[in-house]
Amino acid sequence: MASNTTDPVVVEADRRVEQAKASLRARMAVLERRLGDVRDRIDLPAQIRRHPLPAVGIAFALGALVGGRGRAAGRAAPLAAPALAARPRTLGSMALAIGSGLAFQLLREFAIVQLRRTAERYWSEHGGSLDEPPP
């Protein structure tokens, strides 16, 4: 049984398959581009490098929020029930304190490095060198 490739039905089916492949390739390219855009937007270190001042502001606000929450709970407990003030902290609150402390320390170090790089760039753009003091 020999296959007849000149059959119009087969030719039409092949054409449709090729169109479907081309459409799928185009859709995959669009999806890869969108995924790359999302990946760039979510890349936290790159976002912090691009916007160091808002990152420091956000870190400060989060620190104030976490610190204020703990301070407010510490003040309210002795007034409400003295027995509750002596209870130990939960594991979750200790983990949050440790995690936020580490995160803020890393963010602070990153901000200092970014500030140094910005100062070096400013100094070099204005004809100076960090090895010698400005005139």
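Before moving on, here are some points about what is shown:
- Taking all protein chains as shown and a probe of 1.4 angstrom, Leu62 keeps an accessible surface of around 90 Å².
- 3J(HN,Hα) from dihedral phi, region 105-118, Karplus parametrisation 6.51/-1.76/1.60, rounded to Hz, x for glycine, proline: 5, 4, 5, 5, 4, 4, 5, 5, 4, 5, 4, 4, 4, 5
- Inter-label distance for Ala46 and Val66, nm, one decimal - labels placed 7 Å from Cα along Cα-to-Cβ: 2.6 nm
- Considering all different alpha carbon pairs of region 10-63, the Kirkwood hydrodynamic radius works out to 14.5 Å.
- When nucleic acids and ligands are ignored and a 1.4 Å probe is applied, Arg33 ends up with an accessible area of around 140 Å².
- Phi angles across region 19-29 convert, under the Karplus curve 6.51 cos²θ - 1.76 cosθ + 1.60 with θ = phi - 60°, into 3J(HN,Hα) values of 5, 5, 4, 5, 5, 5, 4, 5, 5, 5, 5 Hz, Gly and Pro given as x.
The values are calculated or read from the model by the stated rules, or taken from the named source; none is laboratory data. Worth saying up front: this structure is predicted, and the values here are computed from it rather than measured. Ideal geometry is used to build each Cβ from the backbone, glycine not excepted, and the neighbour counts take in all protein chains shown. Ligands, DNA and RNA are stripped out before the accessible areas are found, and what is left, the full protein with its side chains, is counted by its heavy atoms. Shrake-Rupley method; radii C 1.70, N 1.55, O 1.52, S 1.80 Å.
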